[in-house]
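Working notes, structure below.
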Amino acid sequence: MIDKHILESRFKDVFGKNPDLVVKSPGRINIIGEHTDYNEGFVLPAAIDKAVYVVVRKREDDLINLYAEDFKENFAISMKDVAPTAQGWPNYILGVVQQIENKGLSLSGFDLYIDGDIPVGAGLSSSAAVECATGYALNELYGLNLDRVTIAKMGQMAEHTYAGVKCGIMDQFASVLSKAGHVIRLDCRDLSYTYVPLDLGNHELVLLNTNVKHALASSAYNDRRHACEHAVGLLQAKYPQVKSLRDVSIAQLDELVKPVDPEAYSKARFVLEENERLNRACEALQASDITALGEQLFLAHEGLSKEYGVSCAELDYLVDRAKQFKQVKGARMMGGGFGGCTINIVEKGFGPQLVEALSEGYRSRFDLELAAIFVAIDNGTEVVY
């Protein structure tokens, strides 16, 4: 949490005036449901108590004047010249401006200061938080009357068009629509959703950051997306009603995909099984059965590592070692894969001991430092003042 008075003071230092508005939008975790979003499946995300903060003030001209605390950098452009920039970070803001203009809504220029406490590179969706904080702040500042789902969709499109990342909807949706004490069971086919209480009782969530991101992550993502699409294509010849893996049974995969493309079969089967694991995880949460919930996480990691092939040695090491402690009820890699964090359900107070127990071996094996991120479940995007 960054103190609002500090944010206001920094804004005044940069722009010489007091701000009109401060908005925060959180990063997210995903309890279970990886690589299901682009297959029209289910995900189970929640916002965390780490956020991006956007501090804004209307201008009387058409200048967009930005400052990023992380980079200690300014960026300025007129409204009429808005376009992607090689500078990088402004694209997450400018892309949202473009989405608002695409809806025929009018903005004037504005000053915007951005800061945050989401660990970068940990797979906690800081980019989605930037987009959603910007969209929400401009919506409030200019009275645009956009609902939260629309703001999430605009953030996703901003990432597609200005950042060049063809992400699913989960990150933005979780950032904007989360509710403290709950996870969101989101249907990525039609964006229907329900809130499921996340009552971990005598347990808490601990993220273990591998501090690594392997270079093959983006190409591997594309390969797996293609494999899933190929499986769907093989099925459509006989079953034209199939639009995505959401419409498919394992029996159909066995019949038409397994004999032709074992690789596509393995990837598609994982997606079907991951959706089932998510349903069982929701049942466990409703029953307050943390052991059953944790078991689904262990099974998910096994599938992500062995079937979908998106884990890495560092992630596998952390999950395998964590599993040896009875105080750890569940663990798995989280996110796209090949680095980032593992998510662990542990008995309250055991987190620091777990980190201490794993750190030396991790350092010895990979020459990397292990970092722990302790998170609580928080509300989605909101006005700070």
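Structure summary
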item: Carbon and sulfur %, accessible surface of the chain computed with the full protein complex present, 1.4 Å; result: 48 percent
item: Shape category assigned to segment 193-321 from the gyration tensor of Cα positions, a/c cut at 1.5; result: oblate
item: Label-point separation in nm, N222 to Y385, each point 7 Å along Cα→Cβ; result: 4.8 nm
item: HN-Hα J in Hz across segment 121-127 - Karplus 6.51, -1.76, 1.60, θ = phi - 60°, x for Gly and Pro; result: x, 9, x, 9, 6, 5, 5
item: Rounded, prolate or oblate (a/c below 1.5 giving rounded, otherwise prolate when a/b exceeds b/c) for segment 246-293 by Cα gyration tensor; result: prolate
item: Rough spin-label spacing in nm, given labels placed 7 Å along Cα→Cβ, for D3 and K179; result: 3.3 nm
item: Reciprocal of mean inverse Cα separation for segment 252-385 (Kirkwood radius, Å); result: 16.6 Å
item: Within a Gaussian network of the chain (alpha carbon springs, distance under 10 Å), most fluctuating of M79, M157, M333; result: M79
item: Pair N202, K166: separation of 7 Å Cα→Cβ label points (nm); result: 4.9 nm
item: Segment 24-65 shape via C-alpha gyration tensor axes, a/c threshold 1.5; result: oblate
item: Gap separating the Cα centres of segment 314-342 and segment 254-303, nearest whole Å; result: 17 Å
item: Cut-off 13 Å between beta-carbons: net charge of the residues surrounding D223, Lys and Arg +1, Asp and Glu -1; result: 0
item: Overall dimensions of the chain as given by Cα atoms, namely Rg and Dmax in Å; result: 21.4, 68
item: Enclosed volume per residue, in Å³, of the convex hull spanned by Cα atoms of segment 1-91; result: 149 Å³
item: R0 of 22 Å, Cβ-Cβ distance L144-E60: FRET efficiency to nearest 0.05; result: 0.70
item: GNM flexibility winner over the chain from G168, G361, G123 (Cα, springs under 10 Å); result: G361
item: Nonlocal amide H pairs with L21, under 5 Å, H built at 1.01 Å; result: V56
item: Karplus-derived 3J(HN,Hα), 6.51/-1.76/1.60, for each residue of segment 333-344, Hz, glycine and proline x; result: 5, 10, x, x, x, 6, x, x, 10, 9, 9, 10
item: Per residue value of the accessible surface for segment 1-57 (all protein chains in place, 1.4 Å probe), Å²; result: 32 Å²
item: Peptides ranked, highest mean first, by Cβ atoms within 10 Å: ranges 274-280, 363-369; result: 274-280, 363-369
item: Modelled label reach - Q324, point 7 Å along Cα→Cβ, segment 342-378 residues with backbone N closer than 15 Å; result: 354-366
item: Environment charge at E40 (Cβ cut-off 10 Å; Lys +1, Arg +1, Asp -1, Glu -1); result: -1
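The values are calculated or read from the model by the stated rules, or taken from the named source; none is laboratory data. Remember, predicted model here, so these are calculated numbers, not experimental data. Every residue, glycine among them, receives a Cβ derived from its backbone with ideal geometry; neighbour counts consider all protein chains shown. Note: areas computed on protein heavy atoms with side chains; ligands, DNA, RNA excluded. Shrake-Rupley method; radii C 1.70, N 1.55, O 1.52, S 1.80 Å.
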